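The values are calculated or read from the model by the stated rules, or taken from the named source; none is laboratory data. Nothing here was measured: the structure is a model prediction, and the numbers come from that model. Reconstructed Cβ throughout: ideal geometry from the backbone, glycine too, with neighbour counts over all protein chains shown. Accessible surface is based on the protein model in full, side chains and every heavy atom, while ligands, DNA and RNA are left aside. Shrake-Rupley method; radii C 1.70, N 1.55, O 1.52, S 1.80 Å.
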Amino acid sequence: MPSDEVYAEIQSAVTAGEPAVLATVAQTFGSTPRKTGAKMVVRRDGSFVGTIGGGCGEAEVWQEAMDVLDGGAARVVTVDLTEPTDGEDKICGGVMRVFLEPLGRTTAAL
Amino acid sequence: MTPPDTPPSDMPRVDESLPARIAQAILTASRDGPPLVSCSVIAAPEALGVAAAIGDKLLVFHDGATLGEIASGALAAAIRHEALAAIPRHAVETAAFTPAGDRIDGRRAIEAAGDVIEVLMEVVEPAATLLVVGGGHVGRSVGEIGALLGMSVVVLDDREDYANTDRFPFADQVICGDFASELDAFPINANTYIVLVSRGHKVDELSLARVVTRGPAYVGMIGSKRRTRTVLEHLATDGIRADALARVFTPIGLDIRAETPEEIALAVLAEIVLVRRGGSGRPLSPPGQALSGDI
């Protein structure tokens, strides 16, 4: 379950119209570091609140989040943790689908 | 809880846009409840021709009220129905639907169906609280496993040696005080799980009387069949409602022949997960396959 800090961050970003991206684990297959519902808010300066799994796949999601911040659309990113990256052990081993959505764009048609 | 229509001019302006109201409702539900379900469209292939787009959001409140909008017609009704069904399961899951509103479960079935609308449904509610009454060996193990399962653990005992943060580093709160008055002051709701494992059945009895009618998700009390029956009879004589007493899990825990405090705690937490998720308590393997009947 996401921490109070994450929900508070979402609320303040939306209310202040501060651009940010919310990443939520929408689905997992196999062994993943965080379960469905885990959340991370990425701010425009690249800092973030919350975690969707530490080293495992977070960097990939963060990259996509930066693209959403640059005006990209909401999307689902599939993070495959079954392939070990160079020089690293296969620690996590599962696949997770992460939903990315922009927060705080008061100009958006909503 | 409704804010006044016209806030005093010295108050900060309240952002009444839909996203702001949704974010505020989610924050409130996560802190104080009651639970709601946040539904987000995460896939809506254009070929399906449904009036839904990625990022559309709908909140479904526990009483069926809604905020926001996703799709229309049968699909909208199905999403709302599935959202309400998720609340008692405390579920956080992605559900796949056909444009007609039929839910499809399982990765293979979804792949076979081809294009589907996918909705992330998250029950938002305060963290489940595990109130452990009694900080002895069993209480300590119960708290430890509860914390491991992500529950917010609160321990109560009237002895300082058994109610301190050195003994319970994993607890969110350790209360050292009189059982009756501390329990009276403790907030209990439908997401509160209470385990009575104090030093004696007298304390368990007075504790049970303080909590059993206040609508907790679970109350379990340790003790033998005979002793716990006596406690229930006492409370019935004292005028505690029979329907409330009938919901007490006592003797406590699933039957796994637990002996050590750690094993007992495991049996208790297994029972709590069963209540929380709606399981059966039976092995998943077919009868007679791995476990013979006479074990």
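Apply the a/c threshold of 1.5 to the C-alpha gyration tensor of the protein assembly as shown and tell me whether it is rounded, prolate or oblate.
On the way: a/c = 1.84, a/b = 1.55, b/c = 1.19.
Since a/c reaches 1.5 and a/b is larger than b/c, the shape of the protein assembly as shown is classed as prolate.
Tell me the carbon and sulfur percent of the accessible area for the protein assembly as shown, rounded to whole percent, probe radius 1.4 Å.
On the way: 10770 of 20900 Å².
Using a 1.4 Å probe with all protein chains present, the protein assembly as shown comes out at 52 percent carbon and sulfur.
If you count, for every residue in B:87-96, the Cβ atoms of partner chains within 10 Å of its Cβ, what is the mean? List each step's numbers first, then the result.
Working: counts 0, 0, 0, 1, 2, 9, 4, 9, 0, 1.
Average neighbour count from other chains, rounded to a whole number: 3.
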Accessible-area loss of at least 10 Å² (1.4 Å probe, chain alone to full protein assembly) applies in the stretch A:14-48 to A:VAL14, A:THR15, A:THR24, A:ALA26, A:GLN27, A:PHE29, A:THR36, A:GLY37, A:LYS39
Label-point separation (nm) for B:VAL275 and A:THR78, each offset 7 Å from Cα along Cα-to-Cβ?
4.1 nm
Which percent, to the nearest 5, of DSSP beta bridges fully inside the protein assembly as shown are antiparallel?
70 percent
Shielding by partners - mean other protein chain Cβ count within 10 Å, residues of A:4-13
4
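Set the Förster distance to 51 Å, then compute FRET efficiency between B:ARG103 and B:THR237 from the Cβ-Cβ distance, nearest 0.05. Intermediate values should be presented prior to the final figure.
On the way: r = 49 Å, r/R0 = 0.96.
According to the calculation, E is roughly 0.55.
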Interface area, B with A, accessible, probe 1.4 Å, both sides summed, Å² nearest 100:
2000 Å²
At 1.4 Å probe size, with every protein chain present, just tell me what the per residue accessible area of chain B comes to in Å².
53 Å²
Residues whose placed amide H lies under 5 Å from that of B:ALA51, excluding near-sequence neighbours
B:SER72
Among beta bridges assigned by DSSP with both residues in chain B, the antiparallel ones amount in percent, to the nearest 5, to 55 percent
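Just checking the output field for A:93-101: average partner chain Cβ neighbours within 10 Å of each residue's Cβ? Show your work: numbers first, answer last.
On the way: counts 0, 0, 0, 0, 5, 1, 9, 3, 7.
Across the residues of A:93-101, the mean count of other-chain Cβ atoms within 10 Å is 3.
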Would you calculate the separation in nanometres between label points at B:LEU18 and B:LEU284, each defined as 7 Å from the Cα along the Cα-to-beta-carbon direction?
3.9 nm
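Under 1.5 on a/c is rounded, so check that first for the stretch B:161-202, then, if it is not, pick prolate when a/b is larger than b/c and oblate when it is not; a ≥ b ≥ c are the square roots of the alpha carbon gyration tensor eigenvalues.
On the way: a/c = 1.57, a/b = 1.17, b/c = 1.34.
The shape class here is oblate.
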Charge dipole (the stretch B:18-124, unit charges on Cβ, about Cα centre) - positive-most of B:ALA29, B:GLY73, B:VAL92
B:ALA29
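Going through the stretch A:16-75, which trypsin sites (Lys or Arg not before Pro) have at most 15 other Cβ atoms within 10 Å and a DSSP loop state? Please list the in-between numbers first.
Values: sites: A:ARG34, A:LYS35, A:LYS39, A:ARG43, A:ARG44, A:ARG75; in loops: A:ARG34, A:LYS35, A:ARG44.
Filter output for the stretch A:16-75: A:LYS35, A:ARG44.
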Once normalised by the length of the stretch B:158-238, the mean sequence separation of its alpha carbon contacts under 8 Å that are 6 or more apart gives a contact order in percent of 26 percent
Would you kindly state how much longer the chain becomes between B:ASP178 and B:ASP166 on full extension, computed as 0.36 nm times their sequence separation minus their alpha carbon distance, in nm to one decimal?
2.3 nm
Alpha-carbon centroid distance for the pair the stretch B:76-150 / the stretch A:1-40, whole angstrom
16 Å
7 Å from Cα along Cα→Cβ at both B:ARG257 and A:ASP4: what's the point-to-point distance in nm?
4.5 nm
What figure, in Å² to the nearest 10, do you get for the accessible area of A:THR28 with a 1.4 Å probe and non-protein molecules left out?
40 Å²
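For B:LEU48 and B:ALA74, calculate 0.36 nm times their separation in residues minus their Cα-Cα distance, and state this gained length in nm to one decimal.
Values: separation 26, 0.36 × 26 = 9.36 nm, distance 1.42 nm.
Going from the current span to full extension adds 7.9 nm.
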Grab the Cα-Cα distance for A:ASP70 and A:PHE29, subtract it from 0.36 nm times how many residues apart they are, and report the gain in nm with one decimal.
11.8 nm
FRET efficiency (B:ASP32, B:ARG226; Cβ distance; R0 56 Å; to 0.05) is 0.85
Computed ³J(HN,Hα) along the stretch B:243-257: with the Karplus parameters 6.51/-1.76/1.60, θ = phi - 60°, integer Hz and x for glycine or proline, the list is 5, 6, 5, 5, 8, 7, 8, 7, x, 8, x, 6, 7, 10, 6
